[in-house]
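Structure first, then comments.
Just so it is clear, none of the values below were taken in a lab; they were calculated from the coordinates. Just so it is clear, the model here is predicted, and its values are computed rather than measured. Reconstructed Cβ throughout: ideal geometry from the backbone, glycine too, with neighbour counts over all protein chains shown.
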Amino acid sequence: MTRYRLAIHIVPRRGILDPQGKAVSDALHSLGFSEVGDVRVGRYLVVEINAASADAARAAAKAMCEKLLANPVTEDFEIAAVEQS
Amino acid sequence: MKAGIVRFPGSNCDEDAYRAVADGLGQEAVYLWHKDHDLQNVDLVILPGGFSYGDYLRAGAIARFSPIMQEVVAFAKRGGMVLGICNGFQIACEAGLLPGALLRNASLRFVSAPVALRVETIATRFTSQYHLGQILQIPIAHGDGRYTADADTLARIEGEGHVAFRYVTPSGDVTEAANPNGSLRNIAGITNAAGNVLGMMPHPERAMDAWLGSTDGTPLFRSIVDYLSSGVGA
């Protein structure tokens, strides 16, 4: 077994109003960052997982996202990085 | 009727619900502890308002996995009546007892205020003692009450008459200004397809007596008692 560190991003699904993202986008515009388009504010989780391989760790994290970490009605998730810790 | 009010760490409307049943209706009420598996033969489970498990991760997300919720879900699947109020509505959605989800208020503000609701159906076990289209005054107190569902789900719950309450103006119009949280279609409360689970963000248990400012919550509880005492209930 190896210990892996996984970075997981969870963001509000496209098409669902994200008032936090809109507030941030508006604030960036008022600071002069006129190049900013859509902003989504989500969550970033770092999860340590003991697994036989990086693929197994990734599969476990996917199951965790589907069951608990992300809401399937409103959120998308992405397992951004898998590293040995 | 015997009602069981679930107490999660962070529940804060459990006593309001208890008093609504015990004092408001004169019916039996018991508390159900989140770590227990025993529903104590109740006829109705109330998931009360509050901030169960600190709203960590998402409102209702952790409560759903508590021991008592395994029993509540099984009870609902057998046709048992479940009333989810505020955080209880969020928990019921997370547990899959009701379709959709509740997101951060569009205003990003916590809103604590009396609101006007319109009764959208009286063909449920929870609303039979109202008049169709009746305007109610019931308080809300939440930061995450924006009801959301995908387009197919919305069409289904609207088409099958599962929207129980909508936020309206005092004269009964569905407008954006009357919507306190940005809920799709101004939805304030829904039932499941089988009709034995109701979730709503407003607090009927806080509108049970004139000194509370409104008695418009009482018929909701009376509807439940009426259904259960008619002999067709669990």
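Rounded, prolate or oblate: which one fits region B:80-151, using the alpha carbon gyration tensor with axes a ≥ b ≥ c (rounded when a/c is under 1.5, else prolate when a/b beats b/c, else oblate)? Oblate, since a/c reaches 1.5 and b/c is not below a/b. With point charges of +1 on the Cβ of Lys and Arg and -1 on the Cβ of Asp and Glu, referenced to the Cα centre of region B:2-229, which listed residue (B:113, B:224, B:63) lies farthest in the positive direction of the dipole? Farthest towards the positive pole: B:63. Using only alpha carbon pairs under 8 Å that are at least six residues apart, calculate the relative contact order of region A:13-83 and give it in whole percent. Normalised by residue count, the contact order of region A:13-83 is 28 percent.
By how many degrees, 0 to 90 and rounded to 10, does the Cα axis of helix A:54-64 deviate from the longest principal axis of chain A? In chain A, helix A:54-64 runs at an angle near 60 degrees to the longest axis. Straight-distance candidates among the aspartates and glutamates for linking to residue A:62, with alpha-carbon spacing under 14 Å and chain neighbours fewer than 8 residues away dropped: A:48, A:75, A:76, A:78. Taking a ≥ b ≥ c as the square roots of the Cα gyration tensor eigenvalues, chain B comes out rounded, since a/c falls below 1.5. What aspartates and glutamates sit close enough to residue B:77 to cross-link, taking a C-alpha to C-alpha distance under 17 Å and skipping anything fewer than 8 places away on the same chain? Within reach: B:38, B:43, B:94. Here residue A:27 and residue B:111 are evaluated by their C-beta separation; at R0 = 22 Å the FRET efficiency comes out at 0.50.
Enter the Cα centre distance for the pair region B:156-234 and region B:1-68, rounded to the nearest angstrom. Going from one Cα centre to the other spans 18 Å.
Given axes a ≥ b ≥ c from the Cα gyration tensor, I'd like to know whether chain A is rounded (a/c under 1.5), prolate (a/b larger than b/c) or oblate. Prolate, because a/c is 1.5 or more and a/b exceeds b/c.
Choose one of A:25, B:188, B:133: the residue whose Cα lies farthest towards the positive end of the charge dipole of the protein assembly as shown (beta-carbon charges +1 Lys, Arg; -1 Asp, Glu; about the Cα centre). Among A:25, B:188, B:133, the one farthest towards the positive end of the dipole of the protein assembly as shown is A:25.
Using DSSP loop states and a limit of at most 16 other Cβ atoms within 10 Å to flag trypsin sites (Lys or Arg not before Pro), what is the longest stretch of chain B containing no flagged site? With trypsin sites (Lys or Arg not before Pro) excluded where exposed in loops, chain B gives B:110-234 as its longest stretch.
What is the dipole size for chain B, taken about its Cα centre, with +1 at each Lys and Arg Cβ and -1 at each Asp and Glu Cβ, in debye to the nearest 20?
Details: 18 positive and 23 negative charges, 55 e Å.
The dipole of chain B has a size of about 260 debye.
Computed per residue of chain B from DSSP H runs no shorter than four, each worth -39500 (n - 2.57), the mean residue ellipticity at 222 nm is -5500 deg cm²/dmol. Computed per residue of chain A from DSSP H runs no shorter than four, each worth -39500 (n - 2.57), the mean residue ellipticity at 222 nm is -8500 deg cm²/dmol. For the pair residue A:17 and residue B:158, a Förster radius of 25 Å applied to the C-beta separation gives a FRET efficiency near 0.85, rounded to the nearest 0.05. Averaging the sequence gap over all C-alpha pairs within less than 8 Å and six or more residues apart, then dividing by the number of residues, gives chain B a relative contact order of 20 percent.
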